[in-house]
Amino acid sequence: IYRTDEVGMLARSLVNDLNEALSKNDEIFLVYQPQVNTTKNRVIGVEALMRWNHPAYGLIPPPIIVAVAEDGDLIDRLGLRVLHNACAQQRQWLDMGIKDVVMSVNVSAIQLKDDRLPVSVAKILDRYKLSPECIELEVTESTALDQNSATNAVLGQIHATGVHLAIDDFGMGHGSLLYFKQFPVSTLKIDKVLSIDVLKSKTAEDIIINIMEFCRGRGVQVVVEFVDNPEQLAALRRLGCEIFQGYLFSPPKSPDDCLNYIRNYKPGQF
């Protein structure tokens with residue numbers, strides 16, 4: 001946003017537009033991608049995914065939304081808006097009888113440096129009368145393994161509330177299983193590079209096998225993302241994977257469509 005060329009002008013314009021959008025109820029919304037346990041044959045979670053329907057540019061890609069929010073000092077406000085909306089949806093589904101489906105919400109590295117975040121999370125849960133266990137906050141591997149003491153303190157305080165923590169994009173980033181013991185993690189999401197390469201890379205297979213064994217011994221749930229075809233699914237299941245998220249099962253859906261998917265899921269319907 002500090003550039004003086006056309007790119008800088010566009011970035012500043014998007015910051016202003018995002019600021020206005022956060023004051024409205026229709027431009028920024030959430031869609032939900034199901035997570036399916038193929039052993040239990042049911043949907044066990046959904047990931048809340050942010051969308052911004054810009055009046056001039058249409059749907060803005062999520063990475064651009066996050067970049068604009070971070071550069072424009074709007075990420076805390078945006079993050080809390082997403083968490084509010086996700087918790088409101090979770091409350092509605094619970095009231096409609098949808099039990100044991102965890103709502104996952106992404107949290108940025110900048111949000112985790114804000115020592116007010118644990119209190120904000122607790123207040124939102126209280127507002128919607130949600131038990132902490134039905135919400136999961138996702139952080140990327142590089143963020144979770146940051147040695148920043150402030151970030152670690154915030155993660156610890158959030159975990160103390162009972163909210164589940166998940167590490168996203170695990171396996172090919174900055175970290176190592178040796179660091180895993182530092183963090184109170186409930187779920188680990190395998191990096192898409194591994195899940196996509198599993199059909200052609202013995203190394204990817206070996207890494208996934210090691211991750212599964214490590215997590216199984218510690219009671220940590222593993223979710224494999226970007227599962228898009230039956231051959232990939234079969235290979236991952238042979239390696240011991242059970243929980244999947246990807247277009248083979250379902251694209252991100254509107255609340256009503258996701259509710260219908262949760263209620264009517266049948267094994268092999270993809």
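The values are calculated or read from the model by the stated rules, or taken from the named source; none is laboratory data. Quick caveat, the model's predicted, so the values are computed rather than measured. Using ideal geometry, Cβ is built from the backbone for each residue, glycine included, and neighbour counts are taken over all protein chains shown. Please note that ligands, DNA and RNA were not included when accessible areas were found on the heavy atoms of the full protein model with its side chains. Shrake-Rupley method; radii C 1.70, N 1.55, O 1.52, S 1.80 Å.
Determine the pairs where a residue that is open to solvent by 50 Å² or more (accessible area, probe 1.4 Å) and of a type in the set (Lys, Arg), located within region 57-77, has a partner that is at pLDDT 90 or above and not in a loop (DSSP other than H, G, I, E, B) with Cβ atoms under 9 Å apart, the partner being 6 or more residues away or on another chain.
Pairs found: Arg77/Asn19; Arg77/Ala69.
If you go through region 114-156, how many residues are at pLDDT 90 or above and within 20 Å of Met103 (Cβ to Cβ)?
Of the residues in that region, 22 qualify.
Residue check, Asp115 against (1) more than 30 Å from Arg12 (Cα to Cα); (2) surrounded by fewer than 17 Cβ atoms within 10 Å (Cβ to Cβ); (3) among the charged types (D, E, K, R), all met but one. Which one?
(1)
Failed condition for Ile262, given (1) at pLDDT 95 or above; (2) closer than 18 Å to Ile167 by Cβ; (3) β-branched (Val, Ile, Thr), with all others met?
Just one mismatch for Ile262, condition (2).
Please name all residue pairs, on different chains or six or more residues apart, with Cβ atoms under 6 Å, provided the first residue is in region 243-264 and is within 24 Å of Val222 (Cα to Cα) and the second residue is open to solvent by 50 Å² or more (accessible area, probe 1.4 Å) and among the hydrophobic types (A, V, I, L, M, F, W, C).
What qualifies is Gly246/Phe226; Leu248/Phe270; Phe249/Phe270.
Just name the residue that is surrounded by the fewest Cβ atoms within 10 Å (Cβ to Cβ) out of those in region 78-108 that are of a type in the set (D, E, K, R) and touching a residue at least 12 places away in the same chain (Cβ under 8 Å). Show your work before the answer.
Of all residues in region 78-108, those of a type in the set (D, E, K, R) come to 81, 91, 95, 99-100.
Remaining after also requiring touching a residue at least 12 places away in the same chain (Cβ under 8 Å): 81, 91, 100.
Details: Arg81: 16, Arg91: 17, Asp100: 11.
So, considering only residues that are of a type in the set (D, E, K, R) and touching a residue at least 12 places away in the same chain (Cβ under 8 Å), the one surrounded by the fewest Cβ atoms within 10 Å (Cβ to Cβ) is Asp100.
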